[in-house]
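Pasting in a structure now, in structure tokens, and then I'll have a few things to ask.
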Amino acid sequence: MTTSPAGGVPAPRRLRLRDLVVVGAGGLATRRLRAALSALGVAIGIAAIVAVLGISESSKADLLAQLDRLGTNLLTVTPGQTFGGDAATLPEQSVGMIRRIQPVLQAAAIATVSDTAVYRNDRIPSEETGGLTVAAADLKLPQTIGATLDSGAWLNAASARYPATVLGATAAAQLGIDHIGSQVWLGGRWFTVVGILDPMPLAADLDRAALIGFPTAEGLLGSDGSPTTVYVRADPAAVTDVQGVLAATANPENPNEVKVSRPSDALAAQAAAKSALNSLLLGLGAVALLVGGVGIANVMVMGVLERRSEIGLRRALGATRGHVRVQFLVESLLLALLGGAGGVALGALVTAGYALHQHWQVVVPLTGVATGVGAALGLGAIAGLYPAVRAARLSPTDALRTV
């Protein structure tokens, strides 16, 4: 206590921050189980927020890494529709004409073989295609689209003339093929698997295809060799310019019957779609956090009712209403901070576990951590405000009465 300059009336000593923390922690220690359950409610809400933001950022980092690795300069040219609504076709010379565009680095085509499917053996009914397709492929296709092989080798000038096939990743898994040298039933004859591709995010259609050489498709399966998709790798500095002239170059007579797209845009759209879903998940996390805040408010209100004698004794010994108000507010903040810290740790662990399971880079954004801790403190302040004011309003005589 200090003495006021007006005539010896003791003035209350100001509580230091350390004293406030000790007093607040002591108040929580008397109700450990109740405090732990309330902190758990906050932790679940904060963990949900941190995990959603962390998983989203980890997924986005993986998508950006894929784009950096695969490049954003890949374009695809496909036939559209005629004015009459019929399916259009690309000229056989379209690939050669596209290669003449100066900023085009590489171009390769595939030609889907119609009415032909691939099966594990010749005992499977023909209508059970499983959604797998057969396509003739240019020998330069892997270099153009950046494809890599899980096993085996790509078609060459020799194997392209014989019944040999390279399977996409999904096709190989669906057919139960996990090594080269196996045979599949394709177009009414046996083909030998000489390679299996890794998944291709920028050319997902090829994941479900059995790829053969153009000579084999034309000689054995009756394909006319008309390209159904042309993959174009352009100079990164001139992608937009190349995209603008591809239709007219591929089909000068009917450029309106040509569709040009950029596969990397699909990955960007995928990231945007995940961000939209994050809003819903963050909303669910906010609801859980609100429930935790109600739990804190309940603990603090019950604490005021159960500690009336303690409040009265402190007031009788010289504590001001401000001291009591700050004490209960600090208790609420400590309870929220405990839940917030636990939630951030739990959310970070969930993010790390899921990202490692998906083979992603682990990213726990600082904004998510700061948001979690800030939300917990804000929630604690709001939840503890009414109980703190209620405790401060108790007079010493009323508080010391036996209830």
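May I ask you to give the percent of accessible area on the stretch 114-166 that is carbon plus sulfur, with a probe radius of 1.4 Å?
48 percent
Separate question: Amide H of Val113: which non-local residues (sequence gap of 5 or more, or other chain) have their own amide H closer than 5 Å, using H built in the peptide plane?
Answer set, sorted by chain and number: Val134, Ala135, Ala136.
Put His357, His179 in order of accessible area, largest first, 1.4 Å probe: what do you get?
Heavy-atom accessible area, descending, gives His357, His179.
Could the peptides 190-200, 325-335 be put in order, highest first, of the mean number of other beta-carbon atoms found within 10 Å of their residues?
Sorting 190-200, 325-335 by mean packing, highest first, produces 325-335, 190-200.
Which net charge results for the neighbourhood of Pro91, defined as the other residues with beta-carbon distances under 11 angstrom from its beta-carbon, given Lys and Arg at +1 and Asp and Glu at -1?
After counting each charged neighbour, the total is -3.
Counting Lys and Arg as +1 and Asp and Glu as -1, what is the net charge of the other residues whose Cβ lies under 10 Å from the Cβ of Gly225?
Cβ neighbours under 10 Å give a net charge of -3.
Would you check the accessible area of Thr82, probe 1.4 Å, heavy atoms only, in square angstrom rounded to 10?
For Thr82, the solvent-accessible surface is approximately 40 Å².
In nm², what is the average projected area of the convex hull enclosing the Cα atoms of the stretch 154-218?
Its Cα hull, projected and averaged over all orientations, spans 4.2 nm².
With every protein chain in place, what's the accessible area of Arg189 (1.4 Å probe, Å², nearest 10)?
Arg189 has an accessible surface of roughly 90 Å² with all protein chains in place.
Sticking with this structure for a sec: For the stretch 95-169, what does the accessible surface come to per residue with a 1.4 Å probe? Please give it in Å².
Normalised by residue count, the accessible surface of the stretch 95-169 is 50 Å².
Once the other residues with Cβ under 14 Å from the Cβ of Ala157 are scored (Lys, Arg +1; Asp, Glu -1), what is the net sum?
Cβ neighbours under 14 Å give a net charge of +1.
Could you derive backbone 3J(HN,Hα) for the stretch 326-342 from the dihedral phi with the Karplus parameters 6.51, -1.76 and 1.60 (θ = phi - 60°), listing whole Hz in sequence and x where the residue is Gly or Pro?
5, 4, 5, 5, 5, 4, 5, 5, 5, 5, 5, 5, 4, x, x, 5, x
Shifting gears a bit: Say the dipole of the stretch 79-171 comes from +1 at the beta carbon of Lys and Arg and -1 at that of Asp and Glu; which of Thr129, Gly84, Ala153 then lies farthest toward its positive end?
Final value for the positive-end residue is Ala153.
Mind listing the Cα extents of the stretch 40-167 along all three principal axes, in Å, largest one first?
Extents along the principal axes, in whole Å: 66, 50, 42.
The values are calculated or read from the model by the stated rules, or taken from the named source; none is laboratory data. Keep in mind the model is a prediction, meaning the values are calculated, not measured. Every residue, glycine among them, receives a Cβ derived from its backbone with ideal geometry; neighbour counts consider all protein chains shown. Ligands, DNA and RNA are excluded from the accessible area calculation, which covers all protein heavy atoms including side chains. Shrake-Rupley method; radii C 1.70, N 1.55, O 1.52, S 1.80 Å.
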